[in-house]
1. I'd like to know which of A:PRO27, A:LEU80, A:THR90 lies farthest towards the positive end of the charge dipole of chain A, counting +1 on Cβ of Lys and Arg and -1 on Cβ of Asp and Glu.
2. Can you tell me which of A:VAL32, A:VAL96, A:VAL67 moves the most in a GNM of chain A? Springs connect C-alpha atoms under 10 Å apart.
3. Tell me the distances, shortest first, between A:ASP115 and the same position across the other copies, using label points 7 Å along Cα→Cβ, in nm to one decimal.
4. Percent relative contact order of chain B, based on C-alpha pairs within less than 8 angstrom and at least six residues apart?
5. When chain A is treated as a GNM, springs tying every alpha-carbon pair under 10 Å, which of A:ILE16, A:ILE111, A:ILE119 comes out with the largest mean-square fluctuation?
6. Based only on Cα atoms, what mean projected area does the convex hull of chain A have, in nm²?
7. Taking a label point 7 Å from Cα toward Cβ, how far is B:ALA23 from its twins in the other copies, in nm, shortest first?
8. Amide H neighbours of B:ALA40 under 5 Å, counting only residues 5+ apart in sequence or on other chains, H built in-plane at 1.01 Å?
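Any read-out appearing in this document is the output of simple, stated calculations on the displayed coordinates, not a laboratory observation. This is a predicted model, so every value here is computed, not measured. Ideal geometry is used to build each Cβ from the backbone, glycine not excepted, and the neighbour counts take in all protein chains shown.
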Protein chains: 2
Amino acid sequence: MSFWLMPSGGGAGVRIAADLRAAGLRPTRQRVALGKLLFAKGHRHLSAEDLHEEAQAAAVRVSLATVYNTLHQFTGAGLLREVAIDGARTYFDTNVSHHHHFFVEGEGRLIDMSDHVDIDRLPEPPAGMEVMGVEVVVRVRRKA
Amino acid sequence: MSFWLMPSGGGAGVRIAADLRAAGLRPTRQRVALGKLLFAKGHRHLSAEDLHEEAQAAAVRVSLATVYNTLHQFTGAGLLREVAIDGARTYFDTNVSHHHHFFVEGEGRLIDMSDHVDIDRLPEPPAGMEVMGVEVVVRVRRKA
DNA sequence: CTGTGTGCAAACTCTTTGCATAAGT
DNA sequence: ACTTATGCAAAGAGTTTGCACACAG
């Protein structure tokens, strides 16, 4: 009955449904569909609006509110990483592993830094604080 | 007699007026007043709203729109540095020198990293791109 | 069935803008 | 005077929320 689980042959739907279940999220039609859009094509950086547009293009009926909810739920489940860069848009990165980004000014685009960045002598955090993460953003601009 | 130089005692007003003039900005009442609030007390991180509140507390009549304008003009003049961290608020840092930040989650507060951070092996930017700057944000949280 | 998820539209926050008035030089 | 800056209120972008209906378990 669940042809929607893997209509296009990848098995991604099944995996996603299982992942969602493991995260305590019901694998609803919308969440599975968004999950497939997100995880089917390698690592991506999307805003909520991007994903909403993709969903519409893929004939998936989802409201923007649900896209936001879903992105945050996926983030909470560790399936996505939230990247806040330029104060305007929030990006969601399907690459959850530890890495950093180039941010292309003027295009509002993120590019994964595949080489890793070594940071020496990272200062001690202020007293009473614990480090949650280190984010390095290299701002780049297209050469004239 | 020198009290005629500065009505409220400091020389900051004079300095700020000169800096503004040098930057091609007319030293208006509002800009000088905001400049004094910004630069009188060492390095600070403020949002537009923060500065607007301070101005009101200091009985300086300025609209929020003017605060925004002024902050951006000061940034353009190199008097401030804009720091976009958490996607919500934009902070303006009176410390223009090259340094990085701790961002205190839950408090939306920035702390200067006084030690500097050495970054080795910073990857080459993507083809056709030039590096505009490197930003390191260490996210910290108050220990439970 | 029961409770969680979804959709819609309205609310909300932060920021920018347009235009008449005020102020600097 | 001439030009630029300011204030106000309204618009704008991105995101969140409240509530009735729909759907998964």
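1. A:PRO27
2. The residue with the greatest mean-square fluctuation here is A:VAL96.
3. When each copy's label point is compared with this one, the spacings are 2.5 nm.
4. Taking the mean separation of contacting Cα pairs over the length of chain B, I get 16 percent.
5. Largest GNM mean-square fluctuation: A:ILE119.
6. Dividing the Cα hull surface by four gives the mean projection, 11.8 nm².
7. Listed shortest first, these distances are 4.4 nm.
8. none
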